[in-house]
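The structure appears below as structure tokens.
None of the figures in this text is laboratory data; all of them are computed from the coordinates on show. Here the structure is a predicted model, which means the values were calculated and not measured. Neighbour counts are summed over all protein chains in view; Cβ atoms, including those assigned to glycine, are modelled from backbone coordinates with ideal geometry.
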Amino acid sequence: SQQGEEDPQALSIQEGENATMNCSYKTSINNLQWYRQNSGRGLVHLILIRSNEREKHSGRLRVTLDTSKKSSSLLITASRAADTASYFCASPSGGYQKVTFGIGTKLQVIP
Amino acid sequence: DAGVTQSPTHLIKTRGQQVTLRCSPKSGHDTVSWYQQARGQGPQFIFQYYEEEERQRGNFPDRFSGHQFPNYSSELNVNALLLGDSALYLCASSEVATLGETQYFGPGTRLLVL
């Protein structure tokens with residue numbers, strides 16, 4: 001089963017615009033992670049936000065976490081064509097911290 | 001510093017056959033997790049290996065089995081292949097000390113079952 005659900009499932013924007021993706025999750029988490037996947041290849045870790053953090057930045061990425069609403073958002077500012085990819089949220093659960101992924105948001109940045 | 005490697009990159013099998021996929025973790029990592037990703041879906045956790053033992057398992061049948069070797073590399077075996085097993089199989093490695101945090105993924109093995 002999926003822990004997280006990303007919204008929207010697909011997003012198309014012009015280069016230079018900001019892209020916002022949302023993730024909702026079901027159970028309590030220690031942290032929430034965002035990954036990027038280009039064209040069905042391996043996933044690349046983007047950023048991790050812990051349950052006691054509300055906001056985190058990394059370059060053009062900004063992640064927020066609202067544990068009361070069990071939701072997170074990923075903002076990519078000044079998007080580039082190279083940002084075209086699928087983005088997944090993921091969170092660990094279970095005794096050995098199995099990481100569960102959402103269904104992803106497919107982002108297309110049009111040059 | 002070599003990242004996570006997987007072999008083969010692509011594989012075509014027929015129903016009922018068996019397949020073995022291989023993964024070498026990132027240098028310094030001791031934990032390997034396997035995921036199945038169907039087209040248009042997120043990765044689904046199959047199982048995790050640490051100290052040559054399966055530590056946690058997702059909702060996959062016993063046809064899916066694995067192994068971890070003393071050098072931390074791992075294999076995923078799937079028996080009695082079904083058409084629905086067609087997917088991208090991803091291996092991810094991490095350190096047990098930071099379990100549940102950043103994982104490093106390999107490029108995946110694309111399996112097609114005919």
Of the residues B:Gln41, B:Gln68, B:Gln18, which exhibits the maximal mean-square fluctuation in a Gaussian network model of chain B defined by a 10 Å Cα contact cut-off?
B:Gln41
Counted neighbours (other Cβ, 10 Å), sorted fewest up, put B:Asp62, A:Asp66 in the order B:Asp62, A:Asp66
Shape of chain B from its Cα gyration tensor (a ≥ b ≥ c, root eigenvalues): rounded if a/c is under 1.5, otherwise prolate when a/b > b/c, or oblate?
prolate
List the relative contact order of chain B as a percent without decimals, with contacts defined as Cα pairs under 8 Å and 6+ residues apart.
37
HN-Hα J in Hz across segment B:27-35 - Karplus 6.51, -1.76, 1.60, θ = phi - 60°, x for Gly and Pro:
3, x, 8, 10, 10, 10, 10, 10, 10
Taking every residue in B:43-54, how many Cβ atoms of other protein chains lie within 10 Å of its Cβ, on average?
3
DSSP beta bridges in chain A, what fraction antiparallel, as a percent rounded to 5?
90
If you plug each phi of segment A:67-72 into the Karplus form 6.51 cos²θ - 1.76 cosθ + 1.60 with θ = phi - 60°, what whole-Hz ³J(HN,Hα) values come out, in order, with x for Gly and Pro?
6, 5, 9, 6, 8, 9
Least to most buried among B:Ser94, B:Ser33, by other C-beta atoms within 10 Å and fewest first, runs B:Ser94, B:Ser33
Where a ≥ b ≥ c are root eigenvalues of the Cα gyration tensor, a/c under 1.5 meaning rounded, otherwise prolate if a/b exceeds b/c and oblate otherwise, segment A:42-103 counts as oblate
Cβ-defined net charge surrounding A:Tyr87, 15 Å radius [Lys, Arg +1; Asp, Glu -1]
+2
Would you mind ranking B:Ser74, B:Ser27, A:Ser39 so that the residue whose beta carbon has the fewest other beta carbons within 10 Å leads the list?
A:Ser39, B:Ser27, B:Ser74
Using Cα pairs closer than 8 Å and at least 6 residues apart in sequence, work out the relative contact order for chain A, in percent.
38
If you count the DSSP beta bridges with both ends in chain B, what percent of them are antiparallel, to the nearest 5?
90
